[in-house]
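Structure, as structure tokens:
The values are calculated or read from the model by the stated rules, or taken from the named source; none is laboratory data. Note that the structure is predicted; figures quoted are calculated from it, not measured. Reconstructed Cβ throughout: ideal geometry from the backbone, glycine too, with neighbour counts over all protein chains shown. Heads up: the accessible areas ignore ligands, DNA and RNA and are worked out on the full protein's heavy atoms, side chains in. Shrake-Rupley method; radii C 1.70, N 1.55, O 1.52, S 1.80 Å.
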Amino acid sequence: MHQSRAVVIGGGIGGLTAAVALHQRGWAVTVLERAPSTAPVGAGLGLAPNAQRALDVLGLGDRVRALAAWQGDGGLRTPRGRWLNRLSGEAAAARFGGPLVLVHRATLVDLLTAALPAGLVRTGAAARVEDPGGAVDTGGAPARTATVRTEDGELTADLVVAADGIHSAARALLFPGHPGPRYAGYTTWRVIVPAGADFAPHETWGRGRLWGTQPLKDGRVYAYAAAAAPAGAHAPDSEQAELRRLFGDWHDPVPRVIEAAGSGQVLRHDVYEMNVPLPAFHRGRTALLGDAAHAMQPTLAQGGNQSIEDAVVLAHHAGRGTDPFDPAALAAYSADRLPRTTMVIRRAASAGRLSSFSAPAAVAVRDNLMAAASRLGPGLVLRTMEGIADWQPPGHPYASRTP
């Protein structure tokens, strides 16, 4: 019986989700991950209702919802601790059809990997696209397959999914004239600590600096921070010390979380965004997915969510693996995903500008506006996620929903 073959380059969240979706559609899938393990470096990931609905298609949405850690209120604070607005988790869930679920990336990777047959994911396997493949038949001959090169030789595939990250080599091959992502002007820190979750989840905006503290289901705490910095900069001593200098006098539990971070546990990454959209998310038989296609600022916490959407939409258009694959279907994938992710990139950039104000007068106006919006009710605050968190996936579930 015919079975189409897909090769996924990259074993991150987007690549693994694409592998699960294609596998459930009957494709023969191979995932190539250059790292020695798919275990991600420790950090959290917020899964909004749009990503949860995408995972419903794979029968995994309810397992993610069961990991929701906080059902009460959260909100936005000032560095001194004053609440600028409070947001009910119930109101957000009612508006968008589910709660925001914060998970450790490793938890989601384990969930996705468990949905794949053993041996399907090959780690320590660096790979590059050698030939993106032919999109249409020529002179009655079958369109050529795509070719991926690894250290062990070449693999051919009906479909290549390039989920190889912000600095994607596949994107550079497919669109060599595109400028690629640009530095957004600030860097971020992330850490997971074992401190007790005895606080409401919050984000705190200061003058050109931002801090967020969120509880995880298992009692640990995920914290993230951002501040303007030159690209490629690092602390002269340690990133924990840098956090102490920037945020050590902010409200509780910020100093407590910083002190709970062990040596070497604080991750620092510069933020890049694709402010110039690609002309398409595919060429030939090769499709770009996730940060490779649409890197965005983390201000709306949608980077991982959009890669999960990509994966499900791609599998929807790719069709069943038992049917001959028509690479022209990738044009529909681009048509679905390019306008949406461009919109999310722009909204994330707008949120980034708002949170990065540093002039005292501008910060005061911003804080007063945020407080006023809160007094008008949760609807105004939640409106920023309309058209994003309420997204619905195409097609029907490939797997039964898991209780």
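Here are a few things to note about the model shown:
- Quick note on the range 107-233: its Rg to Rh ratio, both from C-alpha atoms and Rh being the Kirkwood radius, is 1.12.
- Computed over the alpha-carbon atoms, the chain gives an Rg to Rh ratio of 0.98, Rh here being the Kirkwood radius from the mean inverse distance.
- Solvent accessible area, Å² - Thr213, 1.4 Å probe, full protein context: 0 Å²
- Using alpha carbons only, the radius of gyration of the range 281-333 set against its Kirkwood radius gives Rg/Rh = 1.04.
- Taken about its Cα centre, the range 155-303 carries a charge dipole of about 300 debye when Lys and Arg each add +1 at the Cβ and Asp and Glu each add -1 at the Cβ.
- Debye intensity ratio I(q)/I(0), log10, the range 169-238, q values 0.11 Å⁻¹ (C-alpha model): -0.46
- Within the chain, the longest run free of GluC sites (Glu not before Pro) that sit in a DSSP loop with at most 11 other Cβ atoms within 10 Å is 152-385.
- Given charges at beta-carbon only (K, R positive; D, E negative), |dipole| of the chain in Debye: 880 debye
- Inter-centroid distance (Cα atoms) of the range 1-69 relative to the range 255-296, Å: 17 Å
- Mean projection of the Cα convex hull over all viewing directions, computed for the range 176-283: 9.1 nm².
- Cβ-defined net charge surrounding Gly212, 13 Å radius [Lys, Arg +1; Asp, Glu -1]: +2
- Shown here: the range 267-306, whose C-alpha atoms stretch 36, 19, 18 Å along the first, second and third principal axes, sorted largest to smallest.
- Computed over the range 44-116, Kirkwood Rh from alpha-carbon pairs, angstrom: 13.4 Å
- Modelled FRET efficiency - R0 30 Å, Ala91 with His269, Cβ distances, 0.05 increments: 0.40
- Electrostatic dipole magnitude of the range 274-403 [Cβ: Lys, Arg +1; Asp, Glu -1; Cα centre; debye, to 20]: 260 debye
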